[in-house]
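Report on the following structure.
Just so it is clear, none of the values below were taken in a lab; they were calculated from the coordinates. Being a predicted model, the structure only gives us computed values, none of them experimental. When we count neighbours, we look across all protein chains shown, and the Cβ atoms used for this are built from the backbone with ideal geometry, even at glycine.
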Amino acid sequence: MKIYIFRHAQKAMDFSGDPDLTPEGHGQASTLLDLVLKNEMPKPTQLWVSPRKRTHSTFRPLSEQLKLPLVDQEALLEQQGDESLQIFRRRISNLLEKATEAENDVIYMCSHYDWVIEAMAVIPSETDLSDDRFSHWIPCQCVGFEISKDGMFKFLELKKVST
């Protein structure tokens, strides 16, 4: 099984609290689809998104082309104001553990900058995920892992999706 964790594509600036993507962000979402169709990234079997518009829009081209539903996962939301770091990390760990139960799937997860940063701190891996290359996340960047039977996350690739 494989898991790819994405930071959502470039978001627009607005005051709604739930902005959609910029034109560049929509371009990143289209480029992601192209990478999958060209077999430069594995074909997902599940698309998990936070309830925010920008995560849905990041995976919408994949969803439409591959006929896969966007599966809302509340646990992919950014850290909430009343949530301690310990509780936030536990929420992330629980979701990652849930994902490892899908033995033969390729799960694409789309979340937010703070979620991705904290995920790197809790993922069980032999790769040092606190290394500098995992500390700066541009929009639509992703990290891929293969999950072993013992639950270890084997680092596969770090990829930037640009227009």
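For the chain, what is Rg from Cα atoms divided by 2.2 N^0.38 Å, rounded to two decimals?
Relative to the rule-of-thumb radius for its length, the chain sits at 0.96.
Relative to the Cα centre, what is the charge dipole magnitude of region 20-163, using +1 at the beta carbon of each Lys and Arg, -1 at the beta carbon of each Asp and Glu, and rounding to the nearest 20 debye?
Values: 16 positive and 23 negative charges, 76 e Å.
Its charge dipole is roughly 360 debye.
Thinking of region 34-100 as a set of Cα atoms, what percent of all their pairs are more than 17 Å apart?
On the way: 1125 of 2211 pairs.
More than 17 Å apart: 51 percent of the Cα pairs in region 34-100.
In debye, nearest 20: dipole of region 21-101 around its Cα centre with unit charges on the Cβ of K, R (+) and D, E (-)?
100 debye
Short version: what are the Cα gyration tensor semi-axes of region 75-163, square root of 5 times each eigenvalue, largest first, in whole Å?
Numbers: eigenvalues 71, 62, 34 Å².
The three semi-axes for region 75-163 are 19, 18, 13 Å.
Can you tell which of S111, S50, S130 shows the greatest fluctuation in a Gaussian network model of the chain with Cα springs below 10 Å?
S130
Would you mind finding the longest exposed-site-free stretch of the chain, with exposed GluC sites (Glu not before Pro) meaning DSSP loop and at most 16 other Cβ atoms within 10 Å?
1-39
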